[in-house]
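Student: The following block contains the structure, expressed as structure tokens.
The values are calculated or read from the model by the stated rules, or taken from the named source; none is laboratory data. Remember, predicted model here, so these are calculated numbers, not experimental data. Ideal geometry is used to build each Cβ from the backbone, glycine not excepted, and the neighbour counts take in all protein chains shown. Note: areas computed on protein heavy atoms with side chains; ligands, DNA, RNA excluded. Shrake-Rupley method; radii C 1.70, N 1.55, O 1.52, S 1.80 Å.
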Amino acid sequence: MKLSVIGAGYVGLTTAACLAQIGHEVFCSESDLAKLAKLQNGVMPLFEPHLEDVIKGVRAVGRLRFGSTEEAIAWGDAIFICVGTPPLANGDADLCAIEGVARAIAKRATGYRLIIEKSTVPVQTGAQLRKHLSVHSTNGLRYDVASNPEFLREGTSVEDFLHPDRIVIGADSPRAADLMREIYEPIIKQEFTCPVHSGCPKRKDPVFLATDTNSAELIKHASNSFLAMKISFINMVANLCEVVGADVTKVAEGMGLDPRIGPAFLNPGIGFGGFCFPKDVQAFVRIAEKSGCDFSLLNEVEKINQRRVEHFLDKIRKELWVVRGKKIAVWGLAFKPNTDDIRFAPSIALVKALLDEGAEVNAYDPEAMEKAKPVLPAITYCSNPYEAAEGADAIVIVTEWEEFRQLDWDRLRSAVERPLVLDGRNMLDPTEMTRRGFHYVSVGRFPMTPEQNASTTNPVQSFASAEG
Ligand SMILES: NC(=O)c1ccc[n+]([C@@H]2O[C@H](COP(=O)([O-])OP(=O)(O)OC[C@H]3O[C@@H](n4cnc5c(N)ncnc54)[C@H](O)[C@@H]3O)[C@@H](O)[C@H]2O)c1
């Protein structure tokens, strides 16, 4: 099929490349001219594992082209809208970009088009799109609007797109539902050449869930809010573990063994970030408010998350006593590993607070430093974790990049001023770190080692005495 994708960000670029990979002829547009020029010249504007290879492959056989939104509108029988929906100051999703694309389609498209919202949007956006298209259509455009929320995760987006658990579509006409099924047929049947694994193992076929547009839109916001709630829940359990003397890793393991709970998203840490959870929780709360539903449960989820950085800063302050003048190595700036995305990353608030308190920050991230430089200009960017740790009073781990597990800790032990590691992602083993000669502080894992136990007040006693 001839398909168009509007917006070449993390979602749009993956969507365009993967739809071309499964056999469609795809035209992808991008309004940021610098980004577009890069794409047209074969340069990646973002880091995402495997994506560059997929793009190279499908461009070589002429199934993916890049250009303007006008060209994209003229090309596709179906048009995927993948533009950003950032948060406004009041938490609402900013739908300006979506509205702009809808207006351009209404003015330029002719004949029949299936218009697909893949961006994450508030419920009833599909209805608004239909209204808007009717009002502005000048060329006798006939259309359907479908919702097709995207569940890919940055860092594994190609894999997630091609081997999803479910494909959700919201369509209010049989024609739209049939076209959506036709577009995704190779993925539904898992019949395509997988660009990620040669001899790709046969997986369970994804569930194709077809529903109405409103329900599809709600599925996305409800899913992300639920996952965010799981993270905030385990973060509060971690806080409790720190006070009463329990190990959150074991608590999470025990909880996750219950199939009704499951082990995913029960990793405590410095909080969630990125372009999805923080803004989607806010937008979902706003939708509920405007609909007269009291969903204050999600306000708490957000508040708990906002307090994570402060909670972690308290650990740093407690260890360093005076932060001013201290040299701090920050490892990891991306909001999660395997991406260069720093949008709403906890690293930003953490680093800004450390700078405000007078610390000197030497940071290292394998992929995100270019994107971090304009946001955090007052820190030193280092070319590897060892350089960042040189003379440091503390190493602070903010993103759990795999390479931080593979380091030469003897070398680090001699490079630092003080062998102190504060691990905001619980990625290292406390006993191992103590054996390597480091004082190691993580999240919710008290008591951690006999040595650390001995150096701290017995929390069970202090908890008991606090009760009376
Ligand atoms: N990033 C994720 O992991 C993820 C996952 C699922 C869903 N989503 C949702 O998908 C949407 C896109 O997210 P993203 O991370 O890809 O954002 P992004 O900012 O990386 O990409 C959006 C792109 O659209 C471009 N754009 C804006 N207006 C345009 C226009 N008129 N014509 C052409 N291009 C235009 C922007 O320049 C930008 O490059 C959001 O609604 C987001 O919530 C994101």
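Student: Is one or more of the residues making up region 346-359 acidic (Asp, Glu), surrounded by fewer than 16 Cβ atoms within 10 Å (Cβ to Cβ), free of Cβ contacts under 8 Å to residues at least 12 places away in the same chain and more than 28 Å from Ile234 (Cα to Cα)? Talk me through it step by step, then tell me what you get.
Tutor: Keep residues of region 346-359 that are acidic (Asp, Glu), which gives 356-357.
This time we only want the ones that are surrounded by fewer than 16 Cβ atoms within 10 Å (Cβ to Cβ), so: 356.
Subset that is free of Cβ contacts under 8 Å to residues at least 12 places away in the same chain: 356.
Keeping just the survivors that are more than 28 Å from Ile234 (Cα to Cα) gives 356.
Checking region 346-359: at least one residue is acidic (Asp, Glu), surrounded by fewer than 16 Cβ atoms within 10 Å (Cβ to Cβ), free of Cβ contacts under 8 Å to residues at least 12 places away in the same chain and more than 28 Å from Ile234 (Cα to Cα).
Student: Does Gly170 count as open to solvent by 20 Å² or more (accessible area, probe 1.4 Å), of a type in the set (Gly, Ala, Ser), touching a residue at least 24 places away in the same chain (Cβ under 8 Å) and under 23 Å from Ile115 (Cβ atoms)? If you could, list the steps in order and put the result at the bottom.
Tutor: Working: open to solvent by 20 Å² or more (accessible area, probe 1.4 Å): no; of a type in the set (Gly, Ala, Ser): yes; touching a residue at least 24 places away in the same chain (Cβ under 8 Å): yes; under 23 Å from Ile115 (Cβ atoms): yes.
Here the answer is no, as Gly170 does not meet what is asked.
Student: Need the failing condition index for Pro149 against (1) under 21 Å from Asp212 (Cα atoms); (2) more than 10 Å from the ligand (Cβ to nearest atom), just the number.
Tutor: With respect to (1) under 21 Å from Asp212 (Cα atoms); (2) more than 10 Å from the ligand (Cβ to nearest atom), Pro149 is out only on (2).
Student: Inspect all residues belonging to region 98-105 and state whether any of them is open to solvent by less than 20 Å² (accessible area, probe 1.4 Å), in contact (Cβ under 8 Å) with a residue 60 or more places away in the chain and within 10 Å of the ligand (Cβ to nearest atom). Walk me through it before giving the result.
Tutor: Start the filter on region 98-105 by keeping residues that are open to solvent by less than 20 Å² (accessible area, probe 1.4 Å), which leaves 98, 101-102, 105.
Going one step further and asking which of them are in contact (Cβ under 8 Å) with a residue 60 or more places away in the chain, we end up with 101.
Next, from what is left, pick out any that are within 10 Å of the ligand (Cβ to nearest atom): 101.
Yes, the conditions are met somewhere in region 98-105.
Student: Can you pull out the residues in region 68-127 that are charged (D, E, K, R) and farther than 14 Å from Asn148 by Cβ?
Tutor: Here is the first cut: in region 68-127, the residues charged (D, E, K, R) are 70-71, 77, 92, 94, 99, 103, 107-108, 113, 117-118.
Those that are charged (D, E, K, R) and farther than 14 Å from Asn148 by Cβ: Glu70, Glu71, Asp77, Asp92, Asp94, Glu99, Arg103, Lys107, Arg108, Arg113.
Student: Spot the failing condition for Ser198; the list is (1) open to solvent by 50 Å² or more (accessible area, probe 1.4 Å); (2) modelled with pLDDT of 95 or more; (3) over 25 Å from the mean Cα position of the chain (by Cα), and only one is missed.
Tutor: (2)
Student: Moving on. Quick check: anything in region 116-134 near the ligand (Cβ under 9 Å from one of its atoms), open to solvent by 40 Å² or more (accessible area, probe 1.4 Å) and assigned to a loop (DSSP other than H, G, I, E, B)?
Tutor: no
Residue-by-condition table, conditions (1) among the β-branched types (Val, Ile, Thr); (2) open to solvent by less than 10 Å² (accessible area, probe 1.4 Å); (3) farther than 30 Å from Gly391 by Cα:
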| site | (1), (2), (3) |
| --- | --- |
| Ala246 | no, no, yes |
| Leu257 | no, no, yes |
| Ile270 | yes, yes, no |
| Phe275 | no, no, yes |
| Lys290 | no, no, yes |
| Val301 | yes, yes, yes |
| Val309 | yes, no, no |
| Val322 | yes, no, no |
| Lys326 | no, no, no |
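Student: Of the numbered conditions (1) within 16 Å of the ligand (Cβ to nearest atom); (2) over 28 Å from Arg307 (Cα atoms); (3) outside any helix (DSSP H, G or I), Val158 satisfies every one except a single condition; which is it?
Tutor: (3)
Student: Taking region 15-37, which residues are within 11 Å of the ligand (Cβ to nearest atom) and more than 16 Å from Ile81 (Cα to Cα)?
Tutor: Selection gives Leu33, Ala34, Lys35, Leu36.
Student: Which residues, taken from region 22-50, are over 21 Å from Gly155 (Cα atoms) and of a type in the set (Gly, Ala, Ser)?
Tutor: Residues satisfying the conditions are Gly23, Ser29, Ser31, Ala34, Ala37.
Student: Pull up region 51-81, narrow it to residues that are under 21 Å from Arg130 (Cβ atoms) and not aromatic (Phe, Trp, Tyr), then point me to the one that is nearest to the ligand (Cβ to nearest atom). Step through it out loud before you land on a result.
Tutor: Filtering region 51-81 down to residues under 21 Å from Arg130 (Cβ atoms) leaves 69, 72-73, 76-81.
Then keep just the ones that are not aromatic (Phe, Trp, Tyr); that gives 69, 72-73, 76-79, 81.
Details: Thr69: 4, Ala72: 8, Ile73: 10, Gly76: 13, Asp77: 19, Ala78: 16, Ile79: 11, Ile81: 9 Å.
The qualifying residue nearest to the ligand (Cβ to nearest atom) is Thr69.
Student: So Met236 clears everything in (1) touching a residue at least 12 places away in the same chain (Cβ under 8 Å); (2) open to solvent by less than 70 Å² (accessible area, probe 1.4 Å); (3) under 24 Å from the mean Cα position of the chain (by Cα) except one condition, right? Which one?
Tutor: (2)
Student: Okay, moving on. Determine which single condition Ala392 fails, assuming it passes every other condition in (1) touching a Pro at 6+ places or on another chain (Cβ under 8 Å); (2) in contact (Cβ under 8 Å) with a residue 60 or more places away in the chain.
Tutor: Single failed check for Ala392: (1).
Student: Can I ask one more? Is there any pair with a first residue in region 129-147 that is without any contact (Cβ under 8 Å) to a residue 40 or more places away in the chain and a second that is of a type in the set (S, T, N, Q) and open to solvent by less than 40 Å² (accessible area, probe 1.4 Å) whose Cβ atoms are under 6 Å apart and which are 6 or more apart or on different chains, and what are they?
Tutor: Asp144/Ser173
Student: Another question about this same structure. With the condition kept exactly as written, say whether any residue in region 208-220 is out of contact with any strand residue (DSSP E or B) (no Cβ under 6 Å at 6 or more places or on another chain) and either within 16 Å of the ligand (Cβ to nearest atom) or open to solvent by less than 30 Å² (accessible area, probe 1.4 Å) (or both).
Tutor: yes
Student: Specify the residue that is farthest from the chain's Cα centre (by Cα); the eligible residues are those in region 59-97 that are among the β-branched types (Val, Ile, Thr) and open to solvent by 10 Å² or more (accessible area, probe 1.4 Å). Show your work before the answer.
Tutor: Pass one, region 59-97, residues among the β-branched types (Val, Ile, Thr): 61, 69, 73, 79, 81, 83, 85.
Narrowing further to those that are open to solvent by 10 Å² or more (accessible area, probe 1.4 Å): 61, 69, 83.
On the way: Val61: 31, Thr69: 26, Val83: 16 Å.
The extreme case among them is Val61.
Student: Ok, one more. Which residue pairs have Cβ atoms closer than 6 Å, lie 6 or more positions apart in sequence or on different chains, and pair a first residue in region 5-30 that is within 13 Å of Arg59 (Cα to Cα) with a second residue that is among the hydroxyl-bearing types (Ser, Thr, Tyr) and assigned to a strand (DSSP E or B)?
Tutor: Going by the 6 Å Cβ cut-off, the qualifying pairs are Phe27/Ser4.
Student: In region 273-304, what residues are within 14 Å of the ligand (Cβ to nearest atom) and on the phi > 0 side of the Ramachandran plot?
Tutor: Matches in region 273-304: Gly274 only.
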